[in-house]
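Below: the structure, in structure tokens.
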Amino acid sequence: MSKNLTKKKKTTIIIISFIILLCALTSFLIYIFLYIFPSDNTTTQDSEWTFSYKVAREVQSDGWVYTFKYFYFNDGTQSNTVPPYAFNVMNLRYRYGDDTYETPMQIYGFGTNEDIAHDMRELDDLLAYHSLPAPSVDEMLSLSTDDLEFKSIDENLFIRLVQEALTGEACVPGNYTIPEYALLAEPDYEDDYSIQIGFMAVMGRVDVMLIDVIYPTGTGKYDFVQLSDMVENNTATDEQRELYSVLNNIAQGIVESGNMQYGFNEFENQVIAGTKIERLYTFIDDIVNGNWANYSLE
């Protein structure tokens with residue numbers, strides 16, 4: 001196959017995958033912003049939610065998060081316009097290492113991997129992103145690996161997440177109007193470091209958060225090392241290990257409590273391994289107050 005044909009094939013795969021994801025996300029976001037979200041970033045109440053979610057996630061040590069969601073109205077019915085099921089895979093720790101992608105955040109379907117593109121098309125058919133009505137809950141629960149033809153996604157993992165989500169409890173609403181997912185970082189290396197936050201949220205409540213510290217190693221855009229890697233590779237100092245433990249405790253506390261200011265009184269004034277924890281809470285405040293775009297990765 002010629003280089004031009006190969007390039008054209010890859011481009012077609014990217015476009016197809018992008019359209020599949022974009023259509024599903026656009027229809028969902030239009031519904032959310034027109035009918036659901038209140039204007040106050042911190043006053044969402046249970047009574048204002050006219051729908052529910054059931055969600056199952058697997059968070060892997062390398063930052064990849066696999067998610068299956070079920071969206072339904074509070075009376076138990078499914079929407080006739082919004083796909084009730086969604087499956088996505090994205091990384092909350094590592095960004096892309098070059099400029100070949102439209103988004104620096106690694107998301108299945110936005111790269112050039114042909115096997116992933118194949119799986120995203122399979123999911124489009126299976127979950128009826130473009131051909132509602134979608135399968136019933138019973139039909140989804142009856143799925144087995146024999147019904148799947150994935151090339152990259154672990155079929156057993158997919159089935160397990162479907163089962164866990166559809167047989168689990170509805171998500172508890174939170175008190176914040178925040179993005180459903182993001183990988184953000186301070187734009188400058190003030191004092192030779194930048195704080196990075198990756199998170200996912202459902203109905204205004206964060207249920208996955210990874211906090212990291214980025215250290216520059218040169219002047220290039222991607223010349224940096226991450227605290228999490230230093231800890232894993234045994235190159236972190238004792239203070240840096242302490243810092244990583246504190247950041248993990250804060251992230252876990254935010255997830256478990258639903259309070260984005262978890263640990264503020266305990267940690268705000270601490271400086272660990274040269275890192276001011278106060279900057280982390282300023283970062284989190286900006287996310288809560290809708291100023292998160294200032295931290296978008298370029």
Hey, can you tell me all the residues within the range 74-93 that are of a type in the set (Ser, Thr, Tyr) and modelled with pLDDT under 95?
-> THR77, SER79, THR81
Can you name every residue in the range 177-204 that is of a type in the set (Ser, Thr, Tyr) and modelled with pLDDT of 95 or more?
-> TYR181, TYR189, TYR193, SER194
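Which residue out of TYR262, TYR281, TYR215, TYR222 is surrounded by 13 or more Cβ atoms within 10 Å (Cβ to Cβ) and closer than 19 Å to ARG95 by Cβ?
On the way: TYR262 fails: closer than 19 Å to ARG95 by Cβ; TYR281 fails: closer than 19 Å to ARG95 by Cβ; TYR222 fails: surrounded by 13 or more Cβ atoms within 10 Å (Cβ to Cβ).
Exactly one of TYR262, TYR281, TYR215, TYR222 is surrounded by 13 or more Cβ atoms within 10 Å (Cβ to Cβ) and closer than 19 Å to ARG95 by Cβ, namely TYR215.
So which of ASP191, ASP207, ASP146 is in contact with a Lys or Arg (Cβ under 8 Å, 6 or more places away or on another chain) and assigned to a helix (DSSP H, G or I)? Walk me through how you get there before you give the answer.
Working: ASP207 fails: assigned to a helix (DSSP H, G or I); ASP146 fails: in contact with a Lys or Arg (Cβ under 8 Å, 6 or more places away or on another chain).
Answer to the check: ASP191.
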Scanning for something in a loop (DSSP other than H, G, I, E, B), surrounded by 15 or more Cβ atoms within 10 Å (Cβ to Cβ), of a type in the set (Gly, Ala, Ser) and in contact with a Pro (Cβ under 9 Å, 6 or more places away or on another chain), does the range 162-181 turn up at least one residue?
-> no
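With the requirement that a residue be part of a loop (DSSP other than H, G, I, E, B) and either farther than 14 Å from MET209 by Cβ or without any contact (Cβ under 8 Å) to a residue 40 or more places away in the chain (or both), what does the range 234-261 give you?
ASN234, THR235, ALA236, THR237, ASN259, GLN261
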For residues in the range 99-120 being more than 20 Å from the chain's Cα centre (by Cα) and not β-branched (Val, Ile, Thr), which is modelled with the lowest pLDDT?
-> ASP99
Can you spot a residue in the range 261-282 that is of a type in the set (Phe, Trp, Tyr), under 19 Å from the mean Cα position of the chain (by Cα) and under 26 Å from PRO104 (Cβ atoms)?
-> no
Name the one entry in LEU280, LEU243, LEU210 that is outside the structural domain of SER52 (by TED's automatic domain parsing) and in contact with a Ser or Thr (Cβ under 7 Å, 6 or more places away or on another chain).
-> LEU243
Looking only at the range 72-84, which residues are out of contact with any strand residue (DSSP E or B) (no Cβ under 6 Å at 6 or more places or on another chain) and within 21 Å of ARG121 (Cβ to Cβ)?
-> VAL82, PRO83
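Please work out if SER152 is of a type in the set (Ser, Thr, Tyr), in contact (Cβ under 8 Å) with a residue 12 or more places away in the chain and outside the structural domain of THR282 (by TED's automatic domain parsing). Walk me through it before giving the result.
Numbers: of a type in the set (Ser, Thr, Tyr): yes; in contact (Cβ under 8 Å) with a residue 12 or more places away in the chain: yes; outside the structural domain of THR282 (by TED's automatic domain parsing): yes.
Criteria met by SER152.
Consider the range 59-92. How many of its residues are within 11 Å of the chain's Cα centre (by Cα) and either part of a strand (DSSP E or B) or of a type in the set (Val, Ile, Thr) (or both)?
Qualifying residue count for the region: 10.
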Qualifying positions in the range 126-161 - surrounded by fewer than 16 Cβ atoms within 10 Å (Cβ to Cβ) and of a type in the set (Asp, Glu) = ASP138, GLU139, ASP146, ASP147, GLU149, ASP154
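The values are calculated or read from the model by the stated rules, or taken from the named source; none is laboratory data. Predicted model, so just to flag it, every value in this text is computed and none were measured. Using ideal geometry, Cβ is built from the backbone for each residue, glycine included, and neighbour counts are taken over all protein chains shown.
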